[in-house]
Amino acid sequence: MTLIASTQELRDVCQRLARQPFVTVDTEFLRETTFWPKLCVVQLASTEEAVAVDALAEGLDLSPLFELMANEATVKVFHAARQDLEIIWNLAKLIPTPLFDTQVAAMVCGFGDQISYGDLVQTVTRVSLDKSSRFTDWSRRPLSPAQVDYAIADVTYLRDIYLYLRRKLETSSRLAWLSDEMALLSSPSTYEQAPETAWERLRNRVRKPRDLAILMEIAAWREAEAQGRDIPRSRVLKDDILIELSLAAPRSADHLANLRAFPRGMERTKAGIEILAAIERGLARDPKSLPKIERERRTGGNGATVELLKVLLRQVSESHGVASKLIATVDDLEAIAADDEADVPALSGWRRELFGARALELKSGRLALTVEKGKVVLLEWQDGDPTP
């Protein structure tokens with residue numbers, strides 16, 4: 001095993017890795033008791049070496065790692081990158097670039113929706129990973145040899161997966177299909193957790209403008225409190241309590257104390273005073289300035305069309321070997337059912353070529369669905385006659 005625990009060792013290995021065309025990356029972290037994930041280990045590998053970096057080693061400066069992540073000459077390869085990227089963004093305010101996510105690539109290559117790393121390793125390399133160290137405490141020191149071996153395995157097999165998927169994407173001319181998903185993962189807005197947008201996580205749990213206004217204010221207060229104290233949101237107030245406060249709109253400490261779920265005694269603390277102030281700010285908001293509340297999904301008179309589009313999506317997904325989730329969402333289908341010019345990803349780029357154009361043909365009667373030998377088959381009308 002190779003465990004990096006000093007800044008000089010890290011600098012040396014990152015300089016070597018920076019000369020490689022790609023480097024595979026993974027992290028081990030904890031966040032059960034904190035708001036921000038606590039980075040414990042970073043794993044790095046090229047075709048020539050693989051190492052684990054003890055991110056908690058005394059005196060270790062991670063700057064060489066961040067320089068490698070920003071090096072545009074080396075592709076950074078992750079699997080299900082979002083949480084790893086969030087950690088790097090929080091620590092260094094940078095997103096690794098260029099970026100390649102093997103989970104997304106696997107979806108483009110027909111491995112289904114969000115395939116796990118272990119399943120992908122098994123499929124591509126025929127190796128079953130040892131998962132015995134998966135749920136160990138990565139913050140405890142010293143790290144055991146088993147932990148380090150487990151961590152490094154996550155990036156060694158990732159090399160084979162990357163090379164395999166990249167070849168498939170290049171052969172099928174689908175490498176560019178990843179661009180939209182990589183752009184989303186590479187956007188800082190994906191990882192910024194501004195208190196004023198915290199309400200969006202709970203937006204579907206209130207229905208009235210007044211309730212939404214209060215939710216926006218108390219969710220912002222909780223987010224700022226959790227971030228400032230570096231504790232999970234639920235340690236400040238649970239989601240259900242936020243909703244209860246939004247619906248009840250208490251305006252006094254006594255009213256807070258009478259709420260069933262509200263923590264006993266909190267109404268007389270500084271937090272209780274701040275919560276009441278947040279509620280007052282919510283009540284003072286102009287209802288006309290509030291975001292539109294999303295009602296339960298309604299298909300109106302387009303329900304049958306949406307169901308047909310779902311069948312078409314599945315047929316296209318299976319016949320072209322692309323995960324349906326990557327092609328179109330249910331929201332996309334509902335928008336297409338209602339409007340031929342809907343502003344959704346499924347009606348632009350490669351998604352339109354693969355699915356969107358056929359969806360519009362289905363709506364207009366130029367395309368039909370039938371079943372032959374247990375499989376859905378498309379029939380296109382040409383000169384008045386259906387053609388398979």
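Summary of computed values
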read-out	value
In the stretch 302-344, the GluC sites (Glu not before Pro) that fall in loop regions by DSSP, at most 16 other Cβ within 10 Å	Glu341
Kirkwood Rh (inverse of mean 1/r, distinct Cα pairs), the stretch 300-387, angstrom	13.1
Two-decimal ratio, the chain, of alpha-carbon radius of gyration to 2.2 N^0.38 Å	1.20
Thr7, Thr269, Thr305 arranged by Cβ crowding within 10 Å, fewest neighbours leading	Thr269, Thr7, Thr305
DSSP-defined beta bridges in the chain - what % are antiparallel, rounded to 5	70
Among Thr197, Leu165, Val53 - extreme Cα towards positive end, dipole of the chain, charges at beta-carbon	Thr197
Simple spin-label estimate for Glu170 and Arg201 in nanometres, 7 Å along Cα-Cβ	4.1
Modelled FRET efficiency - R0 41 Å, Lys131 with Ala224, Cβ distances, 0.05 increments	0.65
Debye log10 I(q)/I(0) for the stretch 3-190, one point scatterer per Cα, at q = 0.11, 0.12, 0.13, 0.14 Å⁻¹	-0.46, -0.55, -0.65, -0.77
Isotropically averaged projected area of the stretch 195-289, using the convex hull of Cα atoms (one quarter of hull area), nm²	5.5
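Any read-out appearing in this document is the output of simple, stated calculations on the displayed coordinates, not a laboratory observation. Note that this is a predicted model, so its numbers are computed, not measured. Every residue, glycine among them, receives a Cβ derived from its backbone with ideal geometry; neighbour counts consider all protein chains shown.
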